[in-house]
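Asks: Can you read through this structure? Questions will come right after.
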């Protein structure tokens, strides 16, 4: 009986491994369960008219104001602390969010000097997805391995910054549409940042600009990689915010200026950890079912002896 049970388990396990042996797709990196995804990202600031904000020629600073848009790119570099940068298809994204409010000394919310409340621009239209006024982050699966956040140089080649950013955005969004996330405040979603000032200086390397937290809803999943909603509680030193119906939760994210030795058309780089729960693939469930059938058959044979 024990050998028969072990054989049935081995059969199901072997079939599961065989189905995912290639291990190159994003789906194979995200089996059913809760996962933490870490990224490498970068962003730029645009005014309410869509003009890219460059450092002030006198002070060297960039000031973030209400109505400004933060737009950037990201690539998932780690899944559950394991590097995936070169082991399979890239999971990259472009994002766009608007500064809806800036408040000073809101200790109850941010616990910092300056608190930012973000929301969707209403006009974000990423390639491969339908129109949705709440959209903020569009993910793509790409086998090309061409993501780059360090193209160009904001300081020595400011004249090519816009073109360099456009190229990096193109690389981050030239794969197959994977996930589209958005913010619906009425559903409890949030995106909040806290920093010491609304002004930062890209010329000061490695300085922290702000920390942020977020909870977003899944709007589209063209590949069928579905998520399980759950509770997201995150804070910045003040009273934590809670979303009872979150699809992706950011409990810690940071924005900094480029480190010494780094160059980019982007004035800031980010580090974010996303927590989400994926639904098991139908094929995996089917294989587990085969394993259970095997166990049942083994049990019946044992009884008939």
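Asks: Under a plain spin-label model, where a point goes 7 Å from the Cα along Cα-to-Cβ, how far apart in nm are residue 113 and residue 163?
Replies: 3.9 nm
Asks: Continuing with this model, one more query. Plugging the Kirkwood radius over Cα pairs into Stokes-Einstein for segment 32-279, at a temperature of 20 °C and a viscosity of 1.002 mPa s, what D comes out in µm²/s?
Replies: Values: Rh = 18.1 Å.
Value of D from the Cα-based Kirkwood radius: 118 µm²/s.
Asks: Here's something else I'd like to know. Can you put 174, 247 in order of Cβ neighbours within 10 angstrom, beginning with the fewest? Display every interim value, and only then the final one.
Replies: On the way: 174 16, 247 24.
Taking fewest neighbouring Cβ atoms as first place, the list is 174, 247.
Asks: How would you rank 46, 140, going from fewest to most other Cβ atoms within 10 Å of each one's own Cβ?
Replies: On the way: 46 18, 140 27.
Lowest count first: 46, 140.
Asks: Compute the Cα gyration tensor for segment 132-212, then decide on rounded, prolate or oblate, letting a ≥ b ≥ c be the square roots of its eigenvalues: rounded whenever a/c is under 1.5, prolate when a/b is larger than b/c in the other cases, and oblate in all that remain.
Replies: On the way: a/c = 2.42, a/b = 1.09, b/c = 2.22.
The shape class here is oblate.
Asks: Please arrange 105, 274, 266 by counting, for each residue, the other beta carbons lying within 10 Å of its beta carbon, fewest first. Could the numbers behind the result be given before it?
Replies: Values: 105 11, 274 20, 266 27.
If I rank by nearby Cβ atoms, fewest first, I get 105, 274, 266.
Asks: Extending each Cα 7 Å along its Cβ direction at residue 61 and residue 131, get the distance between those two points in nm, one decimal.
Replies: 4.0 nm
Here, each number is a calculation from the coordinates, and none is a lab measurement. This structure is a prediction, so every number in the text was calculated from the model and none was measured. Note that each Cβ is placed from the backbone with ideal geometry, even for glycine, and that neighbours are counted across all protein chains shown.
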